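The values are calculated or read from the model by the stated rules, or taken from the named source; none is laboratory data. Small disclaimer: the values here were computed from a predicted structure and weren't measured. Every residue, glycine as well, gets a Cβ built from its backbone with ideal geometry; the counts of neighbours run over all protein chains shown. Surface areas here come from the heavy atoms of the whole protein model, side chains and all, with no ligands, DNA or RNA. Shrake-Rupley method; radii C 1.70, N 1.55, O 1.52, S 1.80 Å.
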Amino acid sequence: MKILKLFLASSSELKKDRGEFRVFISEENKVLVKRNLFIEVELWEDFNDSMAQSGLQDKYNEAVRSCDFFVMLFFSKVGKYTREEFETAFDQFKETNKPLIYTYFKNFTTKIGDIKRDDIQSLWKFQDRLQALGHYQTLYENMGTLKLHFKNQLHKHLNSKCLCSYAQRVEHQ
């Protein structure tokens, strides 16, 4: 069985979306396990909160460096730690061509009075960073559109030569 790791990053404002995304991956795993593939989702909430020599964020960043997929969700802000996780994933990608990085912006209405100046500026700064990298965020209106887009991307990747040949080798053994 080939285990693929997916690190799911976002600020606390999208906790519900992270939970629904995890359930979605669990459903996908029911199909993938028949192909000898399994996606393990890693969320910062799942890590042990005990004291770490270099800080908990270093544990999260290490998980990011070892993952196959990095999925980032953002809405009205991009928190300091989520931004750090993105930069860690991007640095790792530049060195090793992995993880595959996906950025999803929740395109949803909110009351203008609920938006904090620092939050919206962090969002704009991150969007500028993506644009400078030549990467375009993918918009999602609701969990249905997010799941459909990522499912299509996931299956494109899993149907690529390298993983298909791996799955075929396992099936013939």
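The table that follows gives values for the structure above.
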quantity	calculated
Criterion: at pLDDT 90 or above and touching a Pro at 6+ places or on another chain (Cβ under 7 Å) - qualifying residue of Phe38, Phe69	Phe69
Unmet criterion (only one of (1) under 24 Å from Phe90 (Cα atoms); (2) open to solvent by less than 60 Å² (accessible area, probe 1.4 Å); (3) modelled with pLDDT under 80) for Ala167	(1)
Counted residues, segment 113-127 - those being part of a helix (DSSP H, G or I) and among the basic types (Lys, Arg)	2
Matching residues, segment 75-125, being acidic (Asp, Glu) and in contact with a strand residue (DSSP E or B) (Cβ under 7 Å, 6 or more places away or on another chain)	Glu85
Test: Leu130 is under 16 Å from Leu6 (Cβ atoms) and either of a type in the set (Asp, Glu) or assigned to a helix (DSSP H, G or I) (or both)	no
Qualifying positions in segment 69-121 - charged (D, E, K, R), surrounded by fewer than 18 Cβ atoms within 10 Å (Cβ to Cβ) and over 14 Å from the mean Cα position of the chain (by Cα)	Lys80, Asp91, Lys94, Glu95, Lys111, Asp114, Lys116, Arg117, Asp118, Asp119
Gln57 vs. criteria touching a helix residue (DSSP H, G or I) at 6+ places or on another chain (Cβ under 9 Å), open to solvent by 40 Å² or more (accessible area, probe 1.4 Å), at pLDDT below 90 and farther than 18 Å from Lys16 by Cβ	no
Test: residue in segment 41-50 that is modelled with pLDDT of 90 or more and either open to solvent by less than 10 Å² (accessible area, probe 1.4 Å) or in contact with a helix residue (DSSP H, G or I) (Cβ under 8 Å, 6 or more places away or on another chain) (or both)	yes
